[in-house]
Every structure is written in structure tokens, then in C-alpha cells.
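Right, one structure below, let's go through it.
The values are calculated or read from the model by the stated rules, or taken from the named source; none is laboratory data. Note that the structure is a prediction, hence the values are computed from the model and not measured. We place every Cβ from the backbone using ideal geometry, glycine too, and count neighbours over all the protein chains shown. The area values use the complete protein model at the heavy-atom level, side chains included, leaving out ligands, DNA and RNA. Shrake-Rupley method; radii C 1.70, N 1.55, O 1.52, S 1.80 Å.
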Amino acid sequence: MRPWWESWIQLRSRARGDAVLIGRVIGEVVASAKHESHAGQKLLLVKTLDLDDRLTGAPYVAVDSVGAGVGDRVLLAMDGWAAMTAVGRPRSPIDAAVIGIVDSVDLAD
Amino acid sequence: MRLGRVVGSLWSSVKTEQLEGVRLLLIQPIDEAGANAGRTLIAADAIGAGAGDTIYWCRGKEASFAMLPAAVGADAAVVGIVDSITLASAG
């Protein structure tokens with residue numbers, strides 16, 4: 001039986017339009033004092049990309065679940081439940097995670 | 001999560017009892033260069049951050065998990081104090 005809050009989060013994320021976005025890892029964050037669910041997780045600084053590969057907006061701090069490095073184009077999960085389950089830590093304060101490294105993107109012309 | 005800077009604290013004696021004993025901080029969201037990146041907000045402090053600290057904070061329902069097992073109705077929580085940020089070379 002799924003805990004009640006999982007379905008609540010999914011309803012809320014659909015309403016908020018959280019989605020998986022394409023981003024680029026622009027750096028890494030080091031934090032010794034942090035919530036224990038972040039221990040042992042690499043914290044990547046990721047900016048979302050538009051379709052012309054331009055960086056947009058302020059960066060997100062995302063936990064890394066695939067070993068992405070600075071400069072990689074990545075899949076950024078922006079919904080908390082998706083993010084925390086990607087790193088196998090449910091019920092933890094994680095709202096963004098890198099869940100994949102993008103090899104290529106083919107745009108319909 | 002997002003980067004932020006602690007710009008102050010907030011005290012409230014009349015509040016929902018869920019927030020009893022929870023430190024409330026004023027957070028200015030910032031970008032990787034430290035420039036302001038959004039409106040100042042109130043976040044529950046799960047780590048013990050102080051004024052001036054560069055932190056990162058979590059938003060939404062997930063923020064309340066930072067204070068587990070206490071059930072705190074917070075929608076933003078400071079979850080880490082940043083020691084350093086390494087950025088890709090300018091290239």
C-alpha cells in the first residue's frame with residue numbers, strides 16, 4: 001500500500017507542471033553540514049537548457065543518482081517524489097535529482 | 001533545491017503549534033555568483049544556519065521531511081550550509 005503522501009505529491013506535481021527537464025551541470029556544491037539524507041550524495045549545480053542549448057535562470061542544487069560530472073547535459077527530475085526515489089531515499093527533503101545523462105537530442109525539423 | 005543566503009531570522013509567538021520550536025529564517029535566493037535570484041522567503045531551519053551563511057534550501061511538501069519525525073507544516077526548509085561551490089571553467 002503506498003503511503004498517502006506519495007499520491008498527494010504526484011497530484012500536486014501534475015498541477016504544478018513539475019517535469020523532467022534538460023539541464024547542464026555547471027558546477028558542484030560541497031556542504032559538510034547538511035541533512036543526513038544528503039550524506040554521501042554528490043550535489044550538482046544544474047541550470048536548465050532551452051532547445052538552443054542556452055542556459056536559463058538560476059541554478060538548481062540536485063542530488064546526483066547517475067555519476068554526472070560538470071559540463072554534462074543531464075535529465076533533471078523536478079518533482080520531489082521522483083527525485084527522492086531516484087536516489088533511494090524516500091521521505092527525505094530532496095526536490096531535485098539528476099536522473100540521466102543526455103547523449104543526444106533529435107529535434108523534429 | 002536552490003541556493004540562498006540567510007538574511008535574517010523571524011520570531012512569532014502566535015502561530016500554528018506545528019511550528020513550535022522551529023527556527024524560522026529569512027532566505028534570499030541567490031544564483032551561483034551570489035546575485036539575488038528571487039523574492040526573500042521564510043524557511044524552517046533544519047540545520048542550524050546563521051545570518052550571512054550561504055545555504056541551500058528545499059521547497060514544497062518535501063521540505064517538511066527535513067524536520068521528521070516532527071510533523072512540521074513547512075513548505076521551505078534550509079537543508080544544508082554550503083562550504084564551497086566549484087564552477088566549470090568559464091568556457
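Data for the structure
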{"item": "Loop sites in chain B: GluC sites (Glu not before Pro), DSSP, at most 11 other Cβ within 10 Å", "result": "B:GLU20"}
{"item": "Förster-model FRET efficiency, 30 Å R0, B:GLU20 and A:ALA39, C-beta, rounded to 0.05", "result": "0.65"}
{"item": "Rel. contact order, % - alpha carbon contacts under 8 angstrom, at least six apart, region B:2-81", "result": "32"}
{"item": "Computed FRET value (nearest 0.05) for A:ALA108 with B:THR86, which takes r as the C-beta separation and R₀ as 35 Å", "result": "0.40"}
{"item": "Listed pairs A:LYS47/B:LYS15; A:LYS42/B:LYS15; B:LYS15/B:LYS61 exceeding 25 Å between Cα atoms", "result": "A:LYS47/B:LYS15; A:LYS42/B:LYS15"}
{"item": "Sequence of B:LEU3, B:LEU41 from largest to smallest accessible area, 1.4 Å probe", "result": "B:LEU41, B:LEU3"}
{"item": "Interface residues, region B:1-48 - accessible area loss of 10 Å² or more versus chain alone, probe 1.4 Å", "result": "B:MET1, B:ARG2, B:LEU3, B:ASP31, B:GLU32, B:ALA37, B:ILE47"}
{"item": "Region B:2-81 - charge dipole about Cα centre, Lys and Arg +1 at Cβ, Asp and Glu -1, debye rounded to 20", "result": "120"}
{"item": "Rounded Å value of the spacing that divides the Cα centres of region A:22-38 and region B:13-91", "result": "14"}
{"item": "Accessible area of chain B belonging to carbon and sulfur atoms, whole % at 1.4 Å probe", "result": "54"}
{"item": "Rounded accessible area per residue of region B:2-81, 1.4 Å, Å²", "result": "46"}
{"item": "Per-residue mean of C-beta atoms belonging to partner chains within 10 Å, peptide A:58-65", "result": "5"}
{"item": "Which of B:ALA77, B:ALA35, B:GLY50, positive extreme of dipole for region B:2-81 (C-beta unit charges)", "result": "B:ALA35"}
{"item": "Cleavage-rule hits (trypsin sites (Lys or Arg not before Pro)) in region B:30-72: DSSP loop, at most 10 neighbouring Cβ within 10 angstrom", "result": "B:ARG39"}
{"item": "FRET efficiency for A:LEU21 and B:ASP31, using Cβ-Cβ distance with R0 set to 25 Å, rounded to 0.05", "result": "0.90"}
